[in-house]
1. Please give the charge dipole size of the stretch 32-105, origin at the Cα centre, charges +1 on K and R Cβ atoms and -1 on D and E Cβ atoms. Round to the nearest 20 debye.
2. Compute the length gained on full extension between residue 130 and residue 145: take 0.36 nm times their separation in residues and subtract their Cα-Cα distance, giving the result in nm to one decimal.
3. Obtain the nm distance between the two label points defined at residue 52 and residue 110 by a simple spin-label model: each point lies 7 Å from its Cα along the Cα-to-C-beta direction.
4. With r defined as the distance between the Cβ atoms of residue 122 and residue 84 and R0 fixed at 25 Å, what FRET efficiency is calculated, to the nearest 0.05?
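Throughout, read-outs are computed from the coordinates displayed, never taken from laboratory work. All values derive from a computational prediction rather than experimental measurement. So basically every Cβ, Gly included, is an ideal-geometry build from the backbone, and we count neighbours across all protein chains shown.
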Amino acid sequence: MSREADQKTQGEPDPAFVGNVFADLRLEGGPAVGALIVTEDGRYLMQQRDRRPDIYFPGHWGMFGGAVNPGENMDAAILRELVEEIGFRPDRVSYFTRFVSDLSRLDQPDIVRVVYETPIDDDALAGLRLAEGRDMRVFTAEELLTGKHVVPYDAFAVWLHRCQARFGADSVSRSS
């Protein structure tokens, strides 16, 4: 197998593209949402991000989700993003956590990223269509956290989800 084919199989960013991670294009902060889509066997459906230099962490694996539109609430944004990106209309989404990144030093608004969790059954998983990103795959938490190029805050969300019992929590009860 060629190096290029192997990289595509492994889902790793192309070394020639890594420079785009640090491109000089302007990025902006703002509110965003992401979904921990959990399969029946406890794996996570993830998206390999496009390799565009004008987005955060191009070529990395991450949660499906995205920016919140002006006037849109977080709950509506995650439902819209899931339909737009993979044609998924979950029966329910539950609030899981949120991350706040203070970008005031960069003269940008904070990035507030709300993370939801939603289950997906095998039939729904088989019917998804990728409309945004390079690829989508399911991974165990261990696979994501050892050796994949994963968006850092998405990796932390997966780790928190996988290890939530260590914090004395069995599940999150806030639903949308």
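1. So the magnitude is around 200 debye.
2. 3.1 nm
3. Label at residue 52, label at residue 110, 2.7 nm between them.
4. Working from the Cβ atoms, E equals 0.65.
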